[in-house]
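So the structure is just underneath, and the comments pick up after that.
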Amino acid sequence: MSGTFVGMPAFPAFPVAAHEAVNNRTLRGNLRHATHTIRAKRAKAVAELSDWDALREAGKQIKDHTLRHLDRYLVRLEESVTAAGGTVHWAADADEANRIVTRLVQETGESEVVKVKSMATQEIGLNEALEEAGIRAYETDLAELIVQLGKDRPSHILVPAIHRNRGEIREIFAREMSEWGRPAPDGLTDTPAELAEAARLHLREKFLRAKVGVSGANFMVAETGTLVVVESEGNGRMCLTLPETLISVVGIEKIVPTWQDLEVFLQTLPRSSTAERMNPYTSTWTGTTDGDGPRTFHLVLLDNGRTDTLADEVGRQALRCIRCSACLNVCPVYERAGGHAYGSVYPGPIGAILSPQLRGTASEIDASLPYASSLCGACYEVCPVAIDIPEVLVHLRERVVEGGPVTREGNKVVLQPAKGHAAERAAMRATRWTFTHPGALRTGQRLASRTRRFHPRTLPGPGRAWTGTRDLPAVPAEPFRDWWQRTNGGKGETK
């Protein structure tokens, strides 16, 4: 593993990867029930705020300002963390981040760590890297624990085990818990209370024993060097306070300038993610304090393709993302295909624009992700930081088809057009030429109208897939410009 990595090995194109999920009735039922429930609760929570649109715009402006001055705020963050007793490390990619964390754990002499739910550590494949070095990482978030025990992969940003139902979770606990520590109680049922209690008992001994904790962070405050984790279970707080050493791996885009800026996101994130007015547990820590919490704190700032994304004026808005997952819960494609088909720890609409920018569009899966959308716009409507995901999807589709200049690993390179899009490029160029030659456009419109009775209802060849679920739009009997001229703009229309 080297370079930019986002948590999963090479994957086939999205349509191929999604085929199995689309035909799995149990999976689709689990996803439909969960996403519809979460989206309904979110809509109710958001409707309580009369100034939601203003908060959404404020979050967008704060993020855009921070990204424009990211270099300055990152330096200020490093100074603040260092002054508070922490140590800052810079990681250009997943490989470097894994080496740093592995070394830091090895220096403590410990062979196990407890982990707070973290997208960044999933992105870099930290658990696998630690395992190769003989260090065992224990996930403590309930959903992450289910995924880990089931030897599975996360399929949702907020609820990684959303593809599992209660019966499946009971079977996983009964079968696997004993291999990782305290076994599941005899006679365990699939009631939520019993499942939660089994996880609590299983994890408690790990919290009390672990000397090293690993976390991510939802936000980093530049002015004070404070890190923030919001969660709903309390397991994260146990990891953040009990170990002697805390290592936090955080993407460089998670920074906000001030505590006042943080206030906006502490209102919008919980409502958009868990549909709560505020998170049950909001943990903040600033460096180290004698007699309170970990004695040693390390912050690993992760790039892993983020500065390349920042160089794209259209695509950089993906870096506003606060990982609320609201876009997943309203996406008709995600609801049917599930998260695994996206070939990344970032599934759904945000994954369809973030992964191809972090990794590039050279691979089969990344070239297909911008097409994993109906462009309905529901994702943009619910995004609490107003990321125009459809705009970025179209932008990335153009990059796949046309190629062109991009930034990769800090260098300007020119991408070659992807294979398999020659007909599409030819059609688009012919369309562009026609639209810039009014005479040819007029002639084409008239010809199309006069031959309309011979037009098929479906397209042949590659177009068959498009018309397999929709009718080909009917051509009007008369072009609009001819009608306009004939009726003097509608004024001479005969009844």
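The values are calculated or read from the model by the stated rules, or taken from the named source; none is laboratory data. Small disclaimer: the values here were computed from a predicted structure and weren't measured. Here Cβ is always computed from backbone atoms with ideal geometry, including for glycine, and neighbour counts include all displayed protein chains. Note: accessible area is taken over every heavy atom of the protein model, side chains too, but ligands, DNA and RNA are not part of it. Shrake-Rupley method; radii C 1.70, N 1.55, O 1.52, S 1.80 Å.
Just a few scattered comments:
- Checking each residue in the stretch 273-315 for being under 29 Å from residue 104 (Cβ atoms) and open to solvent by 60 Å² or more (accessible area, probe 1.4 Å) picks out 281, 284, 289, 290, 291, 292, 295, 307.
- Contact map, the stretch 210-224: residues that are touching a residue at least 24 places away in the same chain (Cβ under 8 Å) and at positive phi paired with residues that are buried (at least 24 other Cβ atoms within 10 Å of the Cβ) and part of a loop (DSSP other than H, G, I, E, B), Cβ distance under 6 Å, separation 6+ or inter-chain. No pairs are found.
- Count of residues meeting criterion [in a loop (DSSP other than H, G, I, E, B) and closer than 19 Å to residue 34 by Cα] in the stretch 321-332: 4
Yes/no matrix, rows are residues, columns are (1) of a type in the set (A, V, I, L, M, F, W, C); (2) modelled with pLDDT under 95; (3) over 18 Å from the mean Cα position of the chain (by Cα):
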{"position": "340", "(1), (2), (3)": "no, yes, no"}
{"position": "344", "(1), (2), (3)": "no, yes, no"}
{"position": "360", "(1), (2), (3)": "no, yes, no"}
{"position": "377", "(1), (2), (3)": "no, no, no"}
{"position": "398", "(1), (2), (3)": "no, yes, yes"}
{"position": "407", "(1), (2), (3)": "no, yes, yes"}
{"position": "422", "(1), (2), (3)": "yes, yes, yes"}
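- Against the test of being of a type in the set (A, V, I, L, M, F, W, C), farther than 22 Å from residue 324 by Cα and either touching a residue at least 40 places away in the same chain (Cβ under 8 Å) or assigned to a helix (DSSP H, G or I) (or both), the options 172, 157, 162, 146 yield a single qualifying residue, 172.
- Residue in the stretch 333-354 that is over 26 Å from residue 23 (Cα atoms), out of contact with any strand residue (DSSP E or B) (no Cβ under 8 Å at 6 or more places or on another chain) and either in a helix (DSSP H, G or I) or in contact (Cβ under 8 Å) with a residue 24 or more places away in the chain (or both) present: yes
- Scanning the stretch 280-302 for residues that are in a loop (DSSP other than H, G, I, E, B) and within 20 Å of residue 320 (Cα to Cα) yields a count of 0.
- Subset of the stretch 416-438 that is assigned to a helix (DSSP H, G or I) and either in contact with a strand residue (DSSP E or B) (Cβ under 6 Å, 6 or more places away or on another chain) or of a type in the set (D, E, K, R) (or both) - its residue that is least open to solvent (accessible area, probe 1.4 Å): 425
- Filtering the stretch 83-118 to residues that are in a loop (DSSP other than H, G, I, E, B), open to solvent by 20 Å² or more (accessible area, probe 1.4 Å) and of a type in the set (S, T, N, Q) leaves only 111.
- Of the residues making up the stretch 22-61, those that are touching a Pro at 6+ places or on another chain (Cβ under 6 Å) and farther than 29 Å from residue 263 by Cβ number 0.
- Scan of the stretch 45-82 for residues that are under 30 Å from residue 295 (Cα atoms) and open to solvent by 30 Å² or more (accessible area, probe 1.4 Å), ordered by number: 71, 72, 75, 76, 78, 79, 82
- Of all the listed residues (233, 179, 205, 223), the sole one being touching a Phe, Trp or Tyr at 6+ places or on another chain (Cβ under 8 Å) and at pLDDT below 95 is 233.
- For the stretch 222-272, filtered to residues that are of a type in the set (Asp, Glu) and assigned to a helix (DSSP H, G or I), the residue that is surrounded by the fewest Cβ atoms within 10 Å (Cβ to Cβ) is 263.
For (1) modelled with pLDDT of 95 or more; (2) within 20 Å of the chain's Cα centre (by Cα); (3) in a helix (DSSP H, G or I), each residue gets a yes or a no:
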{"position": "8", "(1), (2), (3)": "no, yes, no"}
{"position": "15", "(1), (2), (3)": "no, yes, yes"}
{"position": "21", "(1), (2), (3)": "no, yes, yes"}
{"position": "29", "(1), (2), (3)": "no, no, yes"}
{"position": "46", "(1), (2), (3)": "yes, no, yes"}
{"position": "58", "(1), (2), (3)": "yes, no, yes"}
{"position": "67", "(1), (2), (3)": "yes, yes, yes"}
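- Among the residues of the stretch 454-495, those that are open to solvent by 40 Å² or more (accessible area, probe 1.4 Å), at pLDDT 85 or above and more than 47 Å from the chain's Cα centre (by Cα) comprise 483, 484, 485, 486, 488.
- From the options 410, 403, residue that is in contact with a strand residue (DSSP E or B) (Cβ under 8 Å, 6 or more places away or on another chain) and either without any contact (Cβ under 8 Å) to a residue 40 or more places away in the chain or closer than 15 Å to residue 357 by Cβ (or both): 403
- Condition broken by residue 206, with the remaining ones in (1) outside any loop (DSSP other than H, G, I, E, B); (2) within 15 Å of residue 143 (Cβ to Cβ); (3) charged (D, E, K, R); (4) touching a residue at least 60 places away in the same chain (Cβ under 8 Å) satisfied: (2)
- The residues of the stretch 321-339 that are touching an Asp or Glu at 6+ places or on another chain (Cβ under 9 Å) and either open to solvent by 10 Å² or more (accessible area, probe 1.4 Å) or acidic (Asp, Glu) (or both), listed by number, are 321, 330.
- Residues of the stretch 400-415 classified as of a type outside the set (Gly, Ala, Ser), surrounded by 15 or more Cβ atoms within 10 Å (Cβ to Cβ) and farther than 30 Å from residue 58 by Cα, total: 5
- Against the test of being part of a helix (DSSP H, G or I) and surrounded by fewer than 24 Cβ atoms within 10 Å (Cβ to Cβ), the options 367, 362, 386, 318 yield a single qualifying residue, 367.
- Matching residues, the stretch 452-494, being among the basic types (Lys, Arg) and not in a helix (DSSP H, G or I): 457, 470, 491
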